[in-house]
Structure formats: C-alpha cells, structure tokens
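Contents: one structure, followed by commentary.
Rule-based calculations on the coordinates, nothing more; no lab input. Because the structure is predicted, anything quoted here is derived from the model rather than measured. With ideal geometry, Cβ positions are generated from the backbone for all residues, glycine too; neighbour counts draw on all protein chains shown.
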Amino acid sequence: MTSVLLLNGPNLGRLGVREPDVYGSTSYAELVRLAARWGDEHDLAVDVRQTDDESEIVHWLHEAVDTRAHVIINPAAFTHYSYAMRDAAAQVTKSGLLLVEVHISNPHARETFRHTSVISGVATGTIAGFGLGSYRLAVQALADALA
Ligand code: DQA
C-alpha cells in the first residue's frame with residue numbers, strides 16, 4: 001500500500017477546543033480516525049501525526065523522503081514563516097514525491113500575516129478553506145494524482 005504522512009503543526013492537537021468558530025468542533029482524535037478511513041477508501045496507508053515542535057516536522061519531512069512516503073501537511077502557523085520547513089518540504093517534492101499543503105480555514109480571508117505561505121511555492125498543490133474537508137480533498141487529490 002502507498003504510504004502517506006499526514007503532518008499537523010502547532011495547536012492542531014487542540015482541534016475541537018481551539019476557536020471552534022474558525023476550526024470547527026471536531027476533535028483531533030476524530031480527525032485521526034477520519035483520515036485513516038479516507039486513506040482506506042483509496043488504498044493509501046495514512047499515518048497522522050501532530051507536533052508543536054518545528055524540528056520534529058522537519059525530521060518527519062526527511063523521513064518522508066527516506067521512506068518514499070507522500071505528504072499531506074497542515075503547517076499551521078509555521079506556514080507563514082518557517083524557512084526550515086520550506087527547505088524540508090522542497091526536498092520532498094524535488095525527490096519526486098507529492099506534498100499537499102492543507103488549511104482548515106482560508107488564510108487569505110483572514111489577517112494579513114496569514115496571506116503569505118512560505119510552503120506553497122514548493123508544494124505540489126494547496127487546499128484551503130473547506131474545514132476538515134480540506135484533508136479529505138487532499139487525500140482524494142493524492143489518490144487522483146497517483147492513479
Ligand atoms: C491553519 C491556518 C494558519 O494560519 C493557523 O496558524 C493555523 C491553522 C488552518 O488550518 O487554517 O494554525 O493552518
């Protein structure tokens with residue numbers, strides 16, 4: 001089965017509790033269950049992880065390259081300023097793997113600082129603004145691109 005790392009950045013472990021008006025009321029634990037199900041529907045083994053630690057995500061992106069896993073990533077606030085994460089994400093796509101950037105909200109409809117993504121330029125594509133459905137669409141996009 002094709003492997004996919006679904007990586008989540010800071011504060012996303014607080015889904016369901018954190019600003020439900022922006023991020024919805026579904027918990028992170030439920031996202032983990034849903035993502036595994038969406039993966040199963042497309043024969044993708046989806047490994048869902050979350051950390052508040054920038055270096056951990058950088059290391060997971062290195063792992064994706066070394067184990068040949070495609071990536072779905074919600075870099076959360078790191079989206080807007082982490083050049084280290086951009087450089088690690090670039091290694092994923094330069095190695096021929098797919099990397100889909102995901103956002104639950106639509107950052108372009110929010111504060112100005114959220115309008116910049118340092119990740120988008122090295123991503124295969126970006127999906128934003130569809131709530132947790134953004135992750136479901138990302139799994140679908142990967143499955144379509146790999147078919
Ligand atoms: C987010 C948008 C970011 O601006 C924010 O810092 C997040 C979540 C989203 O999924 O909408 O933590 O990536």
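Side notes on the structure shown:
- Viscosity 1.002 mPa s, temperature 20 °C, Stokes-Einstein D of segment 74-147 from Kirkwood C-alpha radius, µm²/s: 171
- Segment 96-147 and segment 1-43 have their alpha-carbon centroids 14 Å apart.
- For segment 74-88, putting each phi into the Karplus relation 6.51 cos²θ - 1.76 cosθ + 1.60 with θ = phi - 60° gives couplings of 9, x, 6, 5, 4, 3, 8, 8, 8, 5, 5, 5, 4, 4, 6 Hz, in residue order, rounded to whole numbers and with x for Gly and Pro.
- Rg over Rh [alpha-carbon atoms, Kirkwood Rh] for segment 1-48: 1.04
- Charged side chains reduced to their Cβ positions (Lys and Arg at +1, Asp and Glu at -1) give the chain a dipole of some 220 debye around its Cα centre.
- Dividing the mean sequence gap of close Cα pairs (under 8 Å, 6+ apart) by how many residues segment 80-139 holds gives a relative contact order of 42 percent.
- Whole-percent P(r), the chain, all Cα pairs, 5 Å bins from 0: 2, 10, 21, 26, 22, 14, 4, 1, 0.
- Using a cutoff of 8 angstrom between alpha carbon atoms and counting only pairs six or more residues apart, the relative contact order for segment 2-146 works out to 26 percent.
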